[in-house]
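Visitor: Shown below is the structure under consideration.
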Amino acid sequence: MPSFLRLASLVAVCALVASSLASSQQPVNPHATPEARALLALLSSISGKGIVTGQHNFPNDGSKWTDRAYDITGKYPGLFGEDFGFSGGEDKDSTLARPAIVEEIKRQYKNGSIIALTWHAVRPTDDEPVTFRDSVQGKLTDYEFQQLLTPGTPIYNRWCAQVDVIVGFLRQLRDANVPVLFRAYHEVNGNWFWWGYRPGPNGSAALYRQLYDRFVNVHHLDNLVWVWNVNAPGGAAGPSADYYPGAAYADVVTMDIYGEFKQEYYDDMLRIAAGKPIALGEVGGLPSLDVLAVQPKWTYFMAWSGLLESSSPADRIQAVYHSPVSINRDDPRIAPAMEAMRKSFNDAPPQPVSPESTAEARRLLAKLAAAPGKAPLGGIRGDATGFTPAILAADFDGMRPQIAGIIDSVKQRHTAVSLTYAPLRPTDNGPAKSALTDYEWNDLITPGTALNKLWTAQVDSAAEALREFQKAGIPVLFNAYPDSTGPASSEKPFWWAGRKGFRGSAHLYRMLFDRLVRQDGIRNLLWVWQQGPPSFAPGAGTPSDYFPGLLYVDAVQMKAPALNGRFPMDRYLAQSTAGKPIGIEITGNPPPPEAFGPHSLWSWFVVQGSPAQAEALKKLFAAGNVGAGTD
């Protein structure tokens, strides 16, 4: 949406909150989006006049607890709370739910909810997934914590990588113009989380400021309203003011209360906030109407998942939700303002992850994003006599001799090229399907070592070849380090495959991205990450064990012998890609055209070309529901 239309759509918000603007503070982020500014102004406008009802939801529960609040009260809460999780598998806090969380947040926002997000961050010495007690509630030594606050240290670099995973999801909300109340390092004064209970300017508050700096000044997440949060003080929770990062880092000041709503807690928040909106970040039982009468400036509360009924009497739940002081989702005190914000909601196609990507790459990504259910781009590896697929697929080991012929063919007949980058083993130019020892692997990914320098030279040579496509104006679907999850069969894996964890296969993929994009200036690539079909072999792990992160991937591809009509492979893949385009490389017989019908989620496919399959291929590529080249 053009910027002048976005600004026009916020006129209604400005009218609604005009009376509060004179007294409300500006966002701490000077580059905050119009939507973030409007949300903060909205909270300022209702301070002292009402309280927004809110409900938290566990990552893997979707909207379960929000829907339950509606079932009980007949009212939808005005605030939808979510978490990014930390655990694995089917657990309620599973990180596998993150792509679905983004889509659910968009749905809730379109329905009129204020969005509030929390992140139970993994201890930076650990790798996701983790257990709550061992990592989120783990400890760092004083030395480790100071190293965490020191740029360039190993633990700082690990922290950056973990933070950037969450950035990948928040960036999607930013690009969709969804404002978010982001509660960073919550309950910071408590001794139960690894980030908390370190008072003073160089303790927990410094870590909060470090996160702010990375989110705002490095990644430009300007859609966030910054929510600082403490637990009700006493016992294992220290005095709130000892953990405050400063007025320049908090838009909203909040407290979590699981017990009595003491007046001293409320007064404490008002003193620290100094005119900023205050709120109840988490509650177990709801505050009574008597409490709200003497503590009128709480701007919202968020009941924790599963505790609404178990911690509040039934009559209190009804009384609070139906009180004139409470502001539910359809309340005229927020509904028109939220509707005005949503006029700038942008569900547009994703932008390439490469900064300053070429126009050709952006156009190709837009085509892929628009293709599902219409006409996936058809690709072929090998012979294409008698028809013109949109995508020409080829293997690429980094060498230049094969490039000229591919470029000529693409210019004449195709829209794009798909290159599968499967380089030789960097130790000795051995076959790609071979192994490195653990010692060699660690040497390879350690900057400055002899093996790392060999790898760097290998990548820079590949960059010279890829630059020829860039000069020719050809976008490349770049399938880098394929089959990193390991082959589903007994076939020998590639040397880069099957290594889990922070310094595993995903790390090498990120290293390749950084070298080609940031050092070598290759901007015409759409970065494709490939996985095989689900594997149930012992120790195989899940695709998330090898996924490099949304900041490094434009699209995700599955490689499989065939489309399985009984198993919706496209829906399985789409669950984990957070709206990124998905494709499939079929190594067996080509599918019939009807496999890519109106309910298909595939953006592109690649099939094997051979004379034996000529008739089936011609039928497939002649179908109106398959995109052919060249435009």
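Visitor: Need the failing condition index for PHE536 against (1) among the aromatic types (Phe, Trp, Tyr); (2) modelled with pLDDT under 85; (3) surrounded by 21 or more Cβ atoms within 10 Å (Cβ to Cβ), just the number.
Guide: Going through (1) among the aromatic types (Phe, Trp, Tyr); (2) modelled with pLDDT under 85; (3) surrounded by 21 or more Cβ atoms within 10 Å (Cβ to Cβ) one by one, PHE536 breaks only (3).
Visitor: While we're on this one: Which pairs do you get when a residue that is in contact (Cβ under 8 Å) with a residue 24 or more places away in the chain, found in region 489-516, comes within reach of a residue that is among the basic types (Lys, Arg), reach meaning Cβ atoms under 6 angstrom, with the pair 6+ apart or on two chains?
Guide: Qualifying pairs under 6 Å: LYS492/LYS433; PHE494/LYS433; TRP495/ARG425; SER505/ARG499.
Visitor: Right, here's the next one. Scan LEU270, LEU211, LEU286, LEU221 and give me the residue that is outside any strand (DSSP E or B), more than 30 Å from the chain's Cα centre (by Cα) and within 30 Å of ARG342 (Cα to Cα). It would help to see each step written out before you state the result.
Guide: Working: LEU270 fails: within 30 Å of ARG342 (Cα to Cα); LEU211 fails: more than 30 Å from the chain's Cα centre (by Cα); LEU221 fails: more than 30 Å from the chain's Cα centre (by Cα).
The unique qualifying residue is LEU286.
Visitor: Follow-up question, since we're still on this one. Could you check region 570-607 and list, in sequence order, the residues that are assigned to a loop (DSSP other than H, G, I, E, B), surrounded by 17 or more Cβ atoms within 10 Å (Cβ to Cβ), in contact (Cβ under 8 Å) with a residue 40 or more places away in the chain and not polar (S, T, N, Q)? Before you say what the answer is, go through the steps one by one.
Guide: First, pick out the residues of region 570-607 that are assigned to a loop (DSSP other than H, G, I, E, B): 575-581, 587-592, 597-603.
So of that shortlist, the ones also surrounded by 17 or more Cβ atoms within 10 Å (Cβ to Cβ) come out as 576-581, 590-591, 600-603.
Pick out the ones that are also in contact (Cβ under 8 Å) with a residue 40 or more places away in the chain and you get 576-581, 600-603.
ALA578, GLY579, LYS580, PRO581, LEU601, TRP602, listed by residue number.
Visitor: Among the residues of region 446-504, which ones are among the hydroxyl-bearing types (Ser, Thr, Tyr) and touching a strand residue (DSSP E or B) at 6+ places or on another chain (Cβ under 8 Å)?
Guide: First, the residues of region 446-504 that are among the hydroxyl-bearing types (Ser, Thr, Tyr): 446, 449, 456, 461, 481, 484-485, 489-490.
Within region 446-504, TYR481, SER484, THR485 qualify.
Visitor: If you scan region 242-265, which residues turn out to be outside any loop (DSSP other than H, G, I, E, B), surrounded by fewer than 21 Cβ atoms within 10 Å (Cβ to Cβ) and touching a Lys or Arg at 6+ places or on another chain (Cβ under 8 Å)?
Guide: ALA247, TYR249
Visitor: For region 332-427, which strands (runs of 3 or more DSSP E) that fit wholly inside it have 1 or more residues that are at positive phi?
Guide: Details: elements: 377-382, 391-396, 416-421.
Filter on region 332-427 gives 377-382.
Visitor: Now a separate question. For region 186-197, give me the residue count where each residue is crowded, with 21+ Cβ neighbours inside 10 Å and either of a type outside the set (Phe, Trp, Tyr) or in contact with a Ser or Thr (Cβ under 7 Å, 6 or more places away or on another chain) (or both).
Guide: Residues flagged as crowded, with 21+ Cβ neighbours inside 10 Å and either of a type outside the set (Phe, Trp, Tyr) or in contact with a Ser or Thr (Cβ under 7 Å, 6 or more places away or on another chain) (or both) within region 186-197 amount to 7.
Visitor: Going through region 302-323 one residue at a time, which ones are in a loop (DSSP other than H, G, I, E, B) and without any contact (Cβ under 8 Å) to a residue 40 or more places away in the chain?
Guide: We begin by selecting, within region 302-323, every residue in a loop (DSSP other than H, G, I, E, B); these are 304-306, 312-313, 322-323.
Correct list: SER312, PRO313, SER323.
Visitor: Also, I was wondering about something else. Based on this model, can you work out whether TRP159 counts as out of contact with any Gly (no Cβ under 9 Å at 6 or more places or on another chain), crowded, with 22+ Cβ neighbours inside 10 Å and either among the aromatic types (Phe, Trp, Tyr) or outside the structural domain of SER44 (by TED's automatic domain parsing) (or both)? Give the derivation first.
Guide: Details: out of contact with any Gly (no Cβ under 9 Å at 6 or more places or on another chain): yes; crowded, with 22+ Cβ neighbours inside 10 Å: yes; either among the aromatic types (Phe, Trp, Tyr) or outside the structural domain of SER44 (by TED's automatic domain parsing) (or both): yes.
Judged against the criteria, TRP159 is a match.
Visitor: Moving on. Among SER434, SER505, which is the only one that is crowded, with 22+ Cβ neighbours inside 10 Å and over 27 Å from ILE407 (Cα atoms)? Spell out the reasoning first.
Guide: Numbers: SER434 fails: crowded, with 22+ Cβ neighbours inside 10 Å.
SER505 is the lone residue from the list that is crowded, with 22+ Cβ neighbours inside 10 Å and over 27 Å from ILE407 (Cα atoms).
Visitor: Right, something else. Among the residues of region 561-599, write down those that are β-branched (Val, Ile, Thr) and closer than 17 Å to VAL528 by Cα. Give the steps one after another, and end with the answer.
Guide: The initial filter retains those residues of region 561-599 that are β-branched (Val, Ile, Thr), namely 577, 582, 584, 586-587.
The answer is THR577, ILE582, ILE584, ILE586.
Visitor: Would region 229-239 turn up any residue that is under 25 Å from the mean Cα position of the chain (by Cα) and surrounded by fewer than 19 Cβ atoms within 10 Å (Cβ to Cβ)?
Guide: Initially, region 229-239 is screened for residues under 25 Å from the mean Cα position of the chain (by Cα), giving 229.
Cutting the leftovers down to surrounded by fewer than 19 Cβ atoms within 10 Å (Cβ to Cβ) gives us none.
No; the residues of region 229-239 include none that is under 25 Å from the mean Cα position of the chain (by Cα) and surrounded by fewer than 19 Cβ atoms within 10 Å (Cβ to Cβ).
Visitor: Does PRO201 fit the bill of being more than 21 Å from the chain's Cα centre (by Cα), in a loop (DSSP other than H, G, I, E, B) and modelled with pLDDT under 95? Lay out the reasoning, then the answer.
Guide: Details: more than 21 Å from the chain's Cα centre (by Cα): yes; in a loop (DSSP other than H, G, I, E, B): yes; modelled with pLDDT under 95: yes.
Answer is yes for this residue.
Visitor: Also: On the basis of being without any contact (Cβ under 8 Å) to a residue 12 or more places away in the chain, over 17 Å from THR420 (Cβ atoms) and surrounded by fewer than 22 Cβ atoms within 10 Å (Cβ to Cβ), does PHE567 make the cut? I'd like the intermediate steps shown before the answer.
Guide: Details: without any contact (Cβ under 8 Å) to a residue 12 or more places away in the chain: yes; over 17 Å from THR420 (Cβ atoms): yes; surrounded by fewer than 22 Cβ atoms within 10 Å (Cβ to Cβ): yes.
Yes: the conditions hold for PHE567.
Visitor: Further, regarding this structure: If I filter region 608-628 down to residues being modelled with pLDDT under 80 and within 14 Å of ILE391 (Cβ to Cβ), which single residue comes out as surrounded by the most Cβ atoms within 10 Å (Cβ to Cβ)?
Guide: The qualifying residue surrounded by the most Cβ atoms within 10 Å (Cβ to Cβ) is GLY627.
Visitor: One residue is enough: does region 448-471 have a residue meeting the conditions part of a loop (DSSP other than H, G, I, E, B), assigned by TED's automatic domain parsing to the domain that holds GLY379, touching a helix residue (DSSP H, G or I) at 6+ places or on another chain (Cβ under 9 Å) and free of Cβ contacts under 8 Å to residues at least 40 places away in the same chain?
Guide: In the first step, residues of region 448-471 are kept if they are part of a loop (DSSP other than H, G, I, E, B); the result is 448-449.
Applying the additional criterion that residues be assigned by TED's automatic domain parsing to the domain that holds GLY379 yields 448-449.
Cutting the leftovers down to touching a helix residue (DSSP H, G or I) at 6+ places or on another chain (Cβ under 9 Å) gives us 449.
Going one step further and asking which of them are free of Cβ contacts under 8 Å to residues at least 40 places away in the same chain, we end up with 449.
Within region 448-471 (the criterion being part of a loop (DSSP other than H, G, I, E, B), assigned by TED's automatic domain parsing to the domain that holds GLY379, touching a helix residue (DSSP H, G or I) at 6+ places or on another chain (Cβ under 9 Å) and free of Cβ contacts under 8 Å to residues at least 40 places away in the same chain), the answer is yes, since at least one residue qualifies.
Visitor: Output the residue which, of all residues in region 25-57 that are in a loop (DSSP other than H, G, I, E, B) and touching a Gly at 6+ places or on another chain (Cβ under 8 Å), is modelled with the lowest pLDDT.
Guide: Result: GLN25.
Visitor: Suppose the filter is closer than 30 Å to ALA319 by Cβ and in contact with a strand residue (DSSP E or B) (Cβ under 8 Å, 6 or more places away or on another chain); does TYR243 pass it?
Guide: On the way: closer than 30 Å to ALA319 by Cβ: no; in contact with a strand residue (DSSP E or B) (Cβ under 8 Å, 6 or more places away or on another chain): yes.
Answer is no for this residue.
Visitor: Then there is this: Kindly list the number of the only condition in (1) closer than 14 Å to GLY609 by Cβ; (2) over 32 Å from the mean Cα position of the chain (by Cα); (3) free of Cβ contacts under 8 Å to residues at least 40 places away in the same chain that fails for PRO389.
Guide: (3)
Visitor: Give me the residue from region 481-513 that is part of a helix (DSSP H, G or I), modelled with pLDDT under 95 and of a type outside the set (Gly, Ala, Ser) and, out of that set, nearest to TRP604 (Cα to Cα).
Guide: ARG510
Visitor: Could I ask something else about it? Please verify whether region 113-133 includes one or more residues that are more than 21 Å from the chain's Cα centre (by Cα) and crowded, with 21+ Cβ neighbours inside 10 Å.
Guide: No, region 113-133 contains no residue that is more than 21 Å from the chain's Cα centre (by Cα) and crowded, with 21+ Cβ neighbours inside 10 Å.
Visitor: Answer with yes or no whether PRO581 is in contact with a helix residue (DSSP H, G or I) (Cβ under 6 Å, 6 or more places away or on another chain) and modelled with pLDDT of 85 or more.
Guide: On the way: in contact with a helix residue (DSSP H, G or I) (Cβ under 6 Å, 6 or more places away or on another chain): yes; modelled with pLDDT of 85 or more: yes.
For PRO581, the condition - in contact with a helix residue (DSSP H, G or I) (Cβ under 6 Å, 6 or more places away or on another chain) and modelled with pLDDT of 85 or more - is met.
Visitor: In region 270-282, which residues are crowded, with 21+ Cβ neighbours inside 10 Å and under 22 Å from ARG37 (Cα atoms)?
Guide: Step one: of region 270-282, the residues crowded, with 21+ Cβ neighbours inside 10 Å are 273, 276-282.
Listed by number, the residues that qualify are ALA273, LYS276, PRO277, ILE278, ALA279, LEU280, GLY281.
Visitor: So which residues in region 155-191 are over 18 Å from LYS106 (Cα atoms) and in a helix (DSSP H, G or I), if there are any at all?
Guide: Across region 155-191, the qualifying residues are ILE155, TYR156, ASN157, ARG158, TRP159, CYS160, ALA161, GLN162, VAL163, ASP164, VAL165.
Visitor: Can you name the number of the only condition in (1) modelled with pLDDT of 95 or more; (2) under 27 Å from GLY62 (Cβ atoms) that ILE278 fails?
Guide: (2)
The values are calculated or read from the model by the stated rules, or taken from the named source; none is laboratory data. Because the structure is predicted, anything quoted here is derived from the model rather than measured. So basically every Cβ, Gly included, is an ideal-geometry build from the backbone, and we count neighbours across all protein chains shown.
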